[in-house]
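The values are calculated or read from the model by the stated rules, or taken from the named source; none is laboratory data. Note that this is a predicted model, so its numbers are computed, not measured. FYI the Cβ positions are ideal-geometry reconstructions off the backbone, even for glycines, and counts take in every protein chain you see. Keep in mind that these areas ignore ligands, DNA and RNA; they rest on the heavy atoms of the full protein, side chains included. Shrake-Rupley method; radii C 1.70, N 1.55, O 1.52, S 1.80 Å.
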Amino acid sequence: MPKIKEFAKARSAITAIEIIADDFVAISSKYHGIKVFDAKTLESVRSIFHDSINSQLSAIAFSPDGEHIAFSQLHALLIFHMPTKRIAETIHTHGEEITLLAFDPSSTYIIAGTKNGRVLQYKLGATLPLSRLCSFPHERPRSKIKENYVSALAFHGSKIACSGLGGAVVVMDLFSHANKAVFNLSSWRKDALCFVDKNRLLCGGNDGTLQLYSLKDRRQHKSMLTPFSFIKQILLMPNPNYIMVVGDASYVSIIDIVKQKIVHAKYIDFGSDIEKIVIHSDGSLFIALSSATLLHVELPSIHKLKSLILHNQLDEAFMLVAREPMIQNSPEHILLEQKYDYFYQEAIAALLNQKPELAKQHLAMFQEVPQKKEQIRELFKSFGHYSHFHSLFLEKRFGLCYAIVKKYPALKHTPLFKKLEKQFKETFAFAQKQILLGRDDVAKSILGEYMTVELKRPILNLLLKHNKEFLEFLKAIEQRDYKRIYQLVKTNELFEQIPTYIALSQEIESLITEVKHSIKIGDIAHAKESLDKLQTMPQLAQKVERLQFECNNVLKLQKAYGEKNIKRCYELIDSYRCLGNMELGATLEDEWRDLVKQCEIYALEGNVRSIKASLGELIRLESRKEKVGTLLRLSFHTKIRQLMQHKSYKKCESIIYSYIDIFGIDSEIRHFMQEFESLSKRELAITQKAGDIKRDAWLDSPFITSHLSS
């Protein structure tokens, strides 16, 4: 059972809790600043008080690396440097009131949700927003919006998911903005978002329903009910099939997202409503309650299981797995079973060498493990009859061999049983040939020994009675007529037990795995060669077609890359998302991220020329124009700010006019225009109206076309 310990009680309501620098837990409270606790000892190690960290904060977030705190008040975003206890940056948000804050996993970017329904991206060290990622509601309503909001954020690598007014969920890549996904199946508010992995996203609504979206195939989604009226938070458990759900109650629930069922409706009840839960890397939970109490909960953790395996305490590891279903089927549990199998095989080897004491030593630590106790007892009992089994095999009395194995199943794990099965397959294959040659008497004679084997009898009768369909099935296998094989298997499920058919199925699965690997590494010649062997299989038609489609796309990418047509490479990656999973596609995406990071530096210097030079022809990459556009706009914003600070109003005015000619009038330039007129005491002569120039019109402006022609 989980171990629950109260380790602190804040003096006022807890407003945030996060794991920082992996070793610490940071909390903020409404009236009493910041406290940092050691995650292992649970002792308080630091208190931070600052005039700006007060009850007026509308949002707060800690960076994962433990270096910074971002918080907002009124119309400002402040960045606090924890080591020096000083305000590092004050960012004016120009009328945007921030209500939600989060750092990305790299601690480089700050994502802010505003009262106007906007999701803004900031960067540490910069005083201007990098980008407006999206706005809510996603679909503009006909009536006036009374109260807008951004309700939830989640990250997976460079991907971000956002939700807000209207219930839509937007998923995008922070560096490319390509293939933006929008899920809008429910208008309920969603306060909980959680990536299961790079291809799946969970959303928790204020109707108490969980939605599981596929990012790979956006048509696929599942709905699951929870015990809550509304969902606050979703957390991944060590077992990848399980999640923990926090709702409007004092307890948490465990849900199996594969079976779509509630495993524990009330897994732990804390006696007070839960504000937030964070998971430490060791698998333990840190919980902030509405009562301002802080709890540490030791779950049956993967960390503990890892430690037991590492120290070869495998019996205790099995006991832990037996007690706690949430760590069953985890990678660590699979490793534990593999370790046991190793010792089990060593014991078999010792018994084969007539060393029973050594076999007992190999399995000594598992003797009292409930899951293994009976299997071990059966092993030693079975090996008491091994010599008889061996004698029968040497005498070629195979029917009796199977009889003794049925009675003592542990003998199935011996090399001798594998030889027995191999002998049967060879005999069956030879009998098949005799049947096809019309030598029924020979087939019946060589299979006679196996007729007493209950498990083999159905397929032996099938072979010896050889009805028309069965003979046709054998010929189809021999001739590799996959179309006919598939048709005949559907008529009689016993055909699937024929050894030659089983071997053929395994060969096909191996070929498919080989094709996928070849596509990933870009060896398309080998992939196509393997696909040619699968062409005539009707049951695989769709899969083969999809793999051929992937092969052709990889060839297009390789061709474009070979011709140094990098723009075409990214167009292909954005058109065919499977290309991002292959080695060349992943390398190109890494290069794009590095390029964007460098362009962000240029943009924050107001150096538009270097951005254009760095991007080259990629500046007109249609699928990533949104990201490129934000970089170009930011460079203008920075330049305008620099010129106003230096009171170079004439140049500043010129830049503002250029911006409007290129990008049109947007909310960002409006703020700069107002600031310019206030500082310079000049009125800008603007004849253009918002919407006169479309947001992407800059692609065809002389600003871009002249750069490309030069």
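Points to keep in mind about this one:
- When the alpha-carbon atoms of the range 471-523 are used, the pair Rg, Dmax equals 13.5, 42 angstrom.
- Rounded to whole Å, sorted largest first: equivalent-ellipsoid semi-axes of the range 473-585, Cα gyration tensor: 36, 12, 10
- Largest first, the extents of the alpha carbon coordinates of the range 541-669 on the three principal axes equal 68, 24, 20 Å.
- Counted over the range 78-192 with a bin width of 10 Å, the fraction of Cα pairs per bin, in whole percents, is 13, 44, 31, 9, 1.
- Loop-resident sites, the range 397-459, for chymotrypsin sites (Phe, Trp or Tyr not before Pro), counting at most 14 other Cβ within 10 Å (DSSP): none
- Expressed as a fraction of 2.2 N^0.38 Å, the value expected for a compact globular protein of N residues, the C-alpha radius of gyration of the range 96-152 is 1.21.
- Here the accessible area of the range 1-143 is 49 percent carbon and sulfur, with a 1.4 angstrom probe and all protein chains present.
- Volume of the Cα convex hull of the range 291-369, divided per residue and given in Å³: 95 Å³
- Evaluated over the range 150-201, the Cα radius of gyration and Dmax, each in Å: 10.4, 29
- Its convex hull of Cα atoms gives the range 269-322 a direction-averaged projected area, equal to a quarter of the hull surface, of 4.2 nm².
- With a Förster radius of 45 Å applied to the beta-carbon distance between H671 and E43, the computed FRET efficiency rounds to 0.45.
- Rh by Kirkwood over Cα pairs, then Stokes-Einstein D for the range 629-671 at 1.002 mPa s and 20 °C, µm²/s: 208 µm²/s
- Values of log10 I(q)/I(0), in the order q = 0.17, 0.24 Å⁻¹, for the range 221-306 under a Debye, Cα-only, solvent-free model: -0.69, -1.27
- Each residue of the range 68-78 was assigned a 3J(HN,Hα) from its phi angle through the Karplus curve 6.51 cos²θ - 1.76 cosθ + 1.60 (θ = phi - 60°); the sequence is 9, 10, 10, 8, 10, 8, 6, 10, 9, 10, 10 Hz, with glycine and proline shown as x.
- Radius, Kirkwood style, for the chain when every pair of distinct Cα atoms is counted (Å): 30.9 Å
- Long-range HN-HN contacts of L133 with modeled amide H, under 5 Å: V119, L120, Q121
- Solvent-accessible surface of the chain, averaged per residue with a 1.4 angstrom probe and all protein chains in place: 49 square angstrom.
- Computed from Cα atoms, the angle from the helix 541-562 axis to the main principal axis of the chain rounds to 50 degrees.
- Here the scattering of the range 260-411 is modelled by Debye summation over its C-alpha atoms, one equal scatterer each and no solvent; at q = 0.18 Å⁻¹ the log10 of I(q)/I(0) is -1.07.
- Residue-averaged 222 nm ellipticity for the chain, from DSSP H runs of 4+ at -39500 (n - 2.57), nearest 500: -13500 deg cm²/dmol
- Pairwise Lys count, the range 100-210 - Cα closer than 15 Å, eight or more residues apart or different chains: 5
- For the range 6-69, the spherically averaged projection of the C-alpha convex hull amounts to 4.1 nm².
- The range 346-482: equivalent-ellipsoid semi-axes (sqrt of 5 x gyration tensor eigenvalues, Cα, Å): 38, 15, 12
- Cα-based values for the range 52-114, radius of gyration first and Dmax second, are 10.8, 30 Å.
- Phi angles across the range 363-372 convert, under the Karplus curve 6.51 cos²θ - 1.76 cosθ + 1.60 with θ = phi - 60°, into 3J(HN,Hα) values of 10, 4, 5, 9, 4, 9, 7, x, 5, 10 Hz, Gly and Pro given as x.
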